[in-house]
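S.K.: Here you go, one structure.
The values are calculated or read from the model by the stated rules, or taken from the named source; none is laboratory data. Note that the coordinates shown come from a computational prediction; the quantities given were computed from them, not determined experimentally. Here the Cβ positions follow ideal geometry from the backbone for every residue, glycine too, while neighbour counts run over all protein chains shown. We work out accessible area using only protein heavy atoms, side chains counted, and drop any ligands, DNA or RNA first. Shrake-Rupley method; radii C 1.70, N 1.55, O 1.52, S 1.80 Å.
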Amino acid sequence: FGIVDSDTLNWDSSLVSDREDKAPDELDVLIRGLICGIREYFSRTGFKLAILGLSGGIDSALVAALAVQALGSKNVLGIAMPSQFSSAHSLADAELLARNLAIPFEVRPIKFLHSTASREIGEARGGLGEIAQENLQARMRGMILMTLANHYNALVLTTGNKSEIA
């Protein structure tokens, strides 16, 4: 799922079994439930646009693909927020994902914001430790997504991080 091909995005035909002779498996039910849940929540709250951070990884790719199925590609905005720690490969994967899903895509670098905040917050303590810097980066991305959601009258869809969960 790191790169989602629009030809395989149709959950109904390629990832979800529609055969009447077979009960849907657990994954089929989960996918349908997630798509329905996203669609219903947006409908109930009156929002039309979803915003999410695209990292080029599996977590954001899956959430983006589900959002496109629920809301349509024109209603999902992907934001890449590369930092000094991001690889060129991850940005390229995020851009390819957006192109394959046919969603609008923006790049909002956080390198300058992160270095400024890290310096200002850690100044009195001789700098921030590695974990504090990584968490600062994640929190800045969340702040940017929430700010853009307010600006565009949208809702943020968050992604997990399988590496952190593991």
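S.K.: Mind ranking 80-86, 123-129, 55-61, 135-141 by how tightly packed they are, going by the mean number of other C-beta atoms within 10 angstrom, highest first?
M.R.: Values: 80-86: 18.3, 123-129: 10.4, 55-61: 21.6, 135-141: 16.0.
The densest-packed peptide leads the list: 55-61, 80-86, 135-141, 123-129.
S.K.: May I ask you to order 68-78, 28-38 by the average number of other C-beta atoms within 10 Å around their residues, highest value first?
M.R.: On the way: 68-78: 20.6, 28-38: 15.2.
Taking the mean over residues of other Cβ atoms within 10 Å, the ranking is 68-78, 28-38.
S.K.: Round to a whole number: what % of the accessible area of the range 19-166 belongs to carbon and sulfur, probe 1.4 Å?
M.R.: Values: 5070 of 8950 Å².
On the range 19-166, the fraction of accessible area on carbon and sulfur atoms equals 57 percent.
S.K.: Tally Lys/Arg at +1 and Asp/Glu at -1 over every other residue whose Cβ is under 12 Å from the Cβ of Leu71; what's the total?
M.R.: Working: positive: Arg39, Lys48, Lys74; negative: Glu40.
In short, +2.
S.K.: How large is the accessible surface per residue of the range 53-166, computed with a 1.4 Å probe and reported in Å² as a whole number? Don't jump to the answer; show the numbers that get you there.
M.R.: Numbers: 6440 Å² over 114 residues.
Result: 56 Å² per residue.
S.K.: Which far-off residues, 5 or more places away or on another chain, put their amide H under 5 Å from the one on Ile51, with H placed in the peptide plane?
M.R.: Leu77, Leu155, Val156, Leu157
S.K.: For the range 64-166, with the dipole built from +1 on Lys and Arg beta-carbon atoms and -1 on Asp and Glu ones, taken about the Cα centre, which of Asn135, Ser115, Asn153 lies farthest toward the positive end?
M.R.: Going by the charge dipole, the pick is Asn153.
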